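Here is the structure we will look at.
The values are calculated or read from the model by the stated rules, or taken from the named source; none is laboratory data. Small disclaimer: the values here were computed from a predicted structure and weren't measured. Here the Cβ is made from the backbone with ideal geometry for all residues, glycine too, and neighbour counts use every protein chain on show.
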Amino acid sequence: MANLTIRKLDDAVRDELRLRAARNGRSVEDEVRVILGEVVAGQPFEVPPAAPAPRPQAAVASANGLARVTLIIGGGIAAYKALDLIRRLKERQIHVRCVLTKAAQQFVTPLAASALSHERVYTDLFDPESEFDAGHIRLARECDLIVVAPATADLIAKMAHGHADDLASATLLAANRPILLAPAMNPLMWNNAATRRNVLQLRRDGILTVGPNAGEMAEAGEAGVGRMAEPTEIAAAAEHILRPPHPRPLQGKRVLITAGPTHEAIDPVRYIANRSSGKQGFAIAAAARDAGAEVVLVSGPVDLADPSGVSVISVESARDMLHRVEAALPVDVAIFAAAVADWRVANEGEQKLKKTAAGVPALQLVENPDILATIAKLENNRPPLVIGFAAETEHLIENAKAKIARKGCDWIVANDVSPATGVMGGDRNTVHLLTREGEDISVDSWPVMTKEQVATELVARIAKAVETKS
Ligand code: CTP
C-alpha cells in the first residue's frame with residue numbers, strides 16, 4: 001500500500017482535508033481512509049460544505065412588505081422547473097424578478113417567465129431600456145436574495161472566476177445580497193475536477209447551495225448526482241434564508257416571573273408601595289415568550305400593557321402574589337423580579353382611618369412572606385432553576401452574595417437601585433449576574449443595557465443552563 005504524506009498535498013486539498021476531518025471528528029488519516037473507501041465503493045463525489053465566508057444578511061424590506069428574489073435561470077434542461085419555482089416562491093409571498101441567460105432561452109421563453117412572475121423579464125446586459133441606469137446593479141441590489149436555478153456548470157465556472165460578460169454573470173458579480181445556487185448538470189460534469197474546484201471556491205466565498213440531488217438524468221440511461229433540487233426544496237431553502245426561523249430554546253418549558261411592586265393596604269384607600277415600574281419583569285416575560293417558553297407573569301399593580309402570548313395574573317399584595325405563584329407551580333424556571341413590600345400593616349383598617357384628637361396613628365408593621373425564599377426552599381415542586389433579584393443601594397455584590405445564600409436561590413440578578421442610577425422606573429439597568437454552584441458564587445458584571453437587552457441576555461443564559469441540565 002502506498003503511504004500518503006499530508007505535507008506533499010496541494011495546500012487547498014490539505015486545508016480541505018483537515019477541515020473535513022475536524023468536522024467529522026476524525027483524524028486526517030482516518031478521513032483519508034473514509035474518502036478512499038467511498039471512492040473505491042463508487043460513491044458519487046460530494047463537495048463537503050466549506051465554512052462559508054460571511055455574506056450580507058438578507059434585508060427583507062420591500063415597499064409592499066414582500067421579500068424579493070432575483071431569479072437567474074441558467075441554460076439547462078432543468079430550466080423548465082424554474083417556471084414552477086417562480087410559482088412556489090410566489091406562494092410563499094416572495095416577489096420574483098427573473099433574469100434569463102441566452103442559453104436559458106433555448107429552454108424557456110421570457111414570456112412564460114414574465115407571465116408567471118407578473119414582472120418584466122431581463123435578458124440582455126446591453127438592453128438600452130434597463131441599462132441606461134445600470135440595470136444589472138439594480139437587479140443585484142433591489143432584492144433580498146439571488147437564486148440561480150438551474151445553476152449550470154458554465155454559470156458556476158463564471159461565478160467562481162468573476163466573469164461578467166452577460167447580464168446573469170454581471171448581476172452575480174455586482175451582488176451584495178446572499179446567493180443561493182441550485183446546481184443542475186450531468187453527473188460527470190458535477191464530478192469533474194474543474195466543477196469540484198469551482199463549487200468549493202464558491203462555498204468558501206459564502207455562496208449557498210441547495211442540491212443537486214441524485215436521480216435519473218434527462219440523458220437516456222444516465223443517473224447519478226446532478227439533478228436540480230425540486231422547486232419546493234429550492235423555495236423552502238430560499239424562505240429559510242429570507243425568514244430564518246427564530247431559535248426557540250425554551251420551547252416546551254414553563255417559566256414563572258413575578259414583576260412590579262406590591263401594594264399593602266393600610267385602609268380601604270391608602271397603601272404602602274414602592275417605585276418599581278415592572279418594566280424589567282415584563283421585558284423578561286416577553287423575552288422568555290420569544291424563546292418559546294410558556295410564560296406565567298404574576299404582576300403587582302403596574303402601568304404596562306400585558307405582553308401578548310403571556311398569561312398575566314394581576315395581584316395587589318405580597319400575600320396574593322405568593323398564593324398565585326404557588327398555584328402556578330410546577331415550572332421549569334422561576335424568576336422573581338418583583339419588588340415585594342417587606343412589610344404590611346398588622347391590622348388593616350376596615351374603614352378609612354380618620355384624623356382624631358388622639359394624634360397621629362401608629363402603624364404597626366408585620367413582615368410579609370418572602371416569596372422567593374419560600375419557593376426556593378420547597379421540598380417538592382421546587383423549580384429546577386430559581387432566580388432572584390437583589391435591589392441594593394450600597395455594598396451591591398456583598399449584599400447580593402448574602403442574599404443568594406439566605407434565600408436559597410440559584411442565581412441572583414443584582415442591581416443598584418440608588419436614586420442616582422435611575423433604575424427604578426427607568427429604561428436602563430446595570431446588572432451583575434451571580435450564579436451559585438454549590439458553595440461557589442461567580443459574579444458576571446454586564447455593561448449598562450436597556451431592560452429589554454438585560455431580559456434577552458438573561459433568557460439566553462437561562463436557555464443555556466436549561467439545556468445543560470437536561
Ligand atoms: N422577594 C420576595 N418576597 C419578598 C421580598 C423579596 O420574593 N417578601 C424577592 C424579590 O422579588 C427579589 C429578592 O427577593 O427577587 C430580593 O428582593 P430585595 O428587595 O432585593 O431584598 P429583600 O429580600 O427585600 O431584602 P432587603 O430589603 O433587606 O434588601
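Within the stretch 216-239, the residues that satisfy the criterion of being exposed (fewer than 14 other Cβ atoms within 10 Å of the Cβ) and over 10 Å from P187 (Cβ atoms) are E216, A218, A220, G221, T232. Every condition in (1) within 11 Å of the ligand (Cβ to nearest atom); (2) over 21 Å from V459 (Cα atoms) holds for V413 except the one numbered (2). Scanning the stretch 79-117 for residues that are more than 19 Å from C143 (Cα to Cα) and charged (D, E, K, R) gives K81, D84, K102.
Selection over the stretch 147-173 of residues that are surrounded by fewer than 24 Cβ atoms within 10 Å (Cβ to Cβ) and either assigned to a strand (DSSP E or B) or not assigned by TED's automatic domain parsing to the domain that holds R87 (or both) gives a count of 0. Just one residue in the set L116, L145 is within 15 Å of P231 (Cα to Cα) and touching a Lys or Arg at 6+ places or on another chain (Cβ under 7 Å); that residue is L116. Identify the residue in the stretch 383-405 that is in contact with a strand residue (DSSP E or B) (Cβ under 9 Å, 6 or more places away or on another chain) and assigned to a loop (DSSP other than H, G, I, E, B) and, among all such residues, is farthest from the ligand (Cβ to nearest atom). This residue is P384. The C-beta contact set for the stretch 361-384 (first residue over 15 Å from K403 (Cα atoms), second residue of a type in the set (D, E) and surrounded by 14 or more Cβ atoms within 10 Å (Cβ to Cβ), distance under 8 angstrom, 6+ apart or interchain) comprises E367/D342; N368/E264; N368/D342; P383/D332; P384/D332.
Of the residues contained in the stretch 317-332, one or more are found to be more than 9 Å from the ligand (Cβ to nearest atom), of a type in the set (S, T, Y) and under 48 Å from the mean Cα position of the chain (by Cα). In the stretch 341-360, which residues are part of a loop (DSSP other than H, G, I, E, B) and either touching a residue at least 24 places away in the same chain (Cβ under 8 Å) or within 13 Å of the ligand (Cβ to nearest atom) (or both)? The answer is A341, D342, E348, G349, E350, Q351, K352, L353.
Restricting attention to the stretch 312-340, the residues being of a type in the set (D, E), without any contact (Cβ under 8 Å) to a residue 60 or more places away in the chain and not in a helix (DSSP H, G or I) number 1.
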